[in-house]
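Just so it is clear, none of the values below were taken in a lab; they were calculated from the coordinates. Since this is a predicted model, take the numbers as computed values, not measurements. Here the Cβ is made from the backbone with ideal geometry for all residues, glycine too, and neighbour counts use every protein chain on show.
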Amino acid sequence: MAGERPPREEKPRLARMAALFGFGLLAFNPPLLTAFDRPTTVFGLSVLLLWIFGAWALLILLVALTVDRDSAGTGSDSRPDDGAGGRG
């Protein structure tokens with residue numbers, strides 16, 4: 001049904017994912033990127049390059065931790081166990 005609310009357990013997950021989406025929007029917003037667009041380098045790499053890849057890596061890490069924490073708490077696995085012992 002379209003008007004259904006998510007279960008109570010889903011609300012914190014949705015809030016964390018929305019916050020991560022907001023972080024991604026802000027981190028890669030052009031006005032913020034221009035703040036790091038300087039001619040200086042750190043270990044031979046431009047500050048802008050370090051910001052882009054650092055924020056990208058942090059965003060991926062935080063999403064992975066959020067999804068892993070939520071899936072570990074449910075006790076369900078999305079893949080069925082076929083009894084093959086992990087062999088395809």
> Among 60, 52, which comes first, then next, by fewest other beta-carbon atoms within 10 Å?
Replying inline: 60, 52
>> Can you give the FRET efficiency to the nearest 0.05 for residue 26 and residue 56, using r as the Cβ-Cβ distance and R₀ = 22 Å?
In response: 0.95
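Relative to the present Cα-Cα distance, how much length would full extension add between residue 19 and residue 68 at 0.36 nm per residue of separation? Working shown, then result.
On the way: separation 49, 0.36 × 49 = 17.64 nm, distance 1.64 nm.
Net length gain for the segment: 16.0 nm.
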> Order of 21, 43 from fewest to most other C-beta atoms within 10 Å?
Replying inline: 43, 21
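How would 56, 51 line up from fewest to most surrounding beta-carbon atoms within 10 angstrom?
Details: 56 13, 51 17.
Listed from fewest to most nearby Cβ atoms, that is 56, 51.
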